[in-house]
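A quick write-up on the structure given underneath.
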Amino acid sequence: MGQVITIANPKGGVGKTTTTINLGAGLGNLKQKVLLVDLDIKANLTIGLGIDRENIEKGIFDMLLEKANIKDVIVSFKKFDLVPNNCFHKQALSDSLYNIEELKKHLDKVKDEYDYILIDTGPVMGVLLDMALYASDSVLIPTECQYFAYDGIKIMINKINAIQGLKTKIQENLVVEGILLTKFDNRNVFAYEMAENIKDIVANKVFKTIINYSSHLQEAPSRGKDVLSLSYNSIGSREYRLLAKEILERKENK
């Protein structure tokens, strides 16, 4: 059965979508079958893979409103599959839709067909994040090496603990997959200090792999590609391939 990982942090601009796309590509490069799920209402994951969110015939909006089966909305790429986001309308976020079990119900139908399902979320603490966490086995928290990183990590850990209380009732667990340091500036002494401080807070949960700032990572979504497809030998590509390998090794050692 596949592992479902939510990529989440309430702070914006920390590399959630970049990580979802490129970790997915990295895992696909290691012969893993991967499904990406775009659960951010801005649909950046969908846009970053070159899909016009306004012209999607069926997407996650239809799936959650029971107007489409998950297999009817999946789009296939070379290294992974995608459940695209076709722009949530206001009624999609209303209380009438709010059912924390909804996403899990759909993902469970295909969980056996994938090694990994990666869910991209927006910088909002609300309905969609709760759905994503309830459907997941673990959470990957990307964070920049900045002072405000502390808040994002603490908020996410509190939220994970709250959702774990609900998952206990169905005899499932939700754990921290790891803290991923992103957009690292190796010319900045303060970045190193903050990295060490973050490691002190969540010692054994910080990935060994660090994602440095890379122009290729910035360029790739503008071309509708993952960084491995854009420039396989670039720093960004190498680091996300290393992250994918690290996640696989962690799974094997459990």
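The values are calculated or read from the model by the stated rules, or taken from the named source; none is laboratory data. Source: prediction; values computed, not measured. Please note: Cβ atoms are built from the backbone with ideal geometry, for glycine as well, and neighbour counts cover all protein chains shown.
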task = Would you check if Val4 is assigned to a strand (DSSP E or B), in contact (Cβ under 8 Å) with a residue 24 or more places away in the chain and buried (at least 22 other Cβ atoms within 10 Å of the Cβ)?
result = yes
task = Output the number of residues of segment 213-254 satisfying the condition of being within 15 Å of Gly26 (Cα to Cα), outside any helix (DSSP H, G or I) and not acidic (Asp, Glu).
result = 5
ask   = Quick check, is Asp72 surrounded by fewer than 18 Cβ atoms within 10 Å (Cβ to Cβ) and modelled with pLDDT under 90?
value = no
inquiry  = Looking at Ile210 and the list (1) touching a Leu at 6+ places or on another chain (Cβ under 6 Å); (2) more than 30 Å from Gly28 (Cβ to Cβ), which single condition is not satisfied?
reply    = (2)
key: Residues (in a helix (DSSP H, G or I), over 17 Å from the mean Cα position of the chain (by Cα) and surrounded by fewer than 21 Cβ atoms within 10 Å (Cβ to Cβ)) located in segment 107-154   = Asp112, Glu113, Tyr150, Asp151, Lys154
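Here's the yes/no breakdown for (1) modelled with pLDDT of 90 or more; (2) not polar (S, T, N, Q):
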position: Gly2; (1), (2): yes, yes
position: Thr6; (1), (2): yes, no
position: Lys11; (1), (2): no, yes
position: Gly15; (1), (2): yes, yes
position: Leu27; (1), (2): yes, yes
position: Lys33; (1), (2): yes, yes
position: Leu45; (1), (2): yes, yes
position: Asp62; (1), (2): no, yes
position: Lys67; (1), (2): no, yes
note = Taking first residues from segment 20-37 that are under 18 Å from Phe207 (Cα atoms) and second residues anywhere that are in a helix (DSSP H, G or I) and among the basic types (Lys, Arg), the pairs with Cβ under 7 Å that are 6 or more apart or on different chains are Gly26/Arg241
inquiry  = I'd like to check something: does segment 16-25 contain any residue that is over 20 Å from Leu174 (Cβ atoms) and aliphatic (A, V, I, L, M)?
reply    = yes
key: Top-ranked residue of segment 7-25 - restricted to ones that are in contact with a Ser or Thr (Cβ under 8 Å, 6 or more places away or on another chain) and part of a helix (DSSP H, G or I), ranked as surrounded by the most Cβ atoms within 10 Å (Cβ to Cβ)   = Asn22
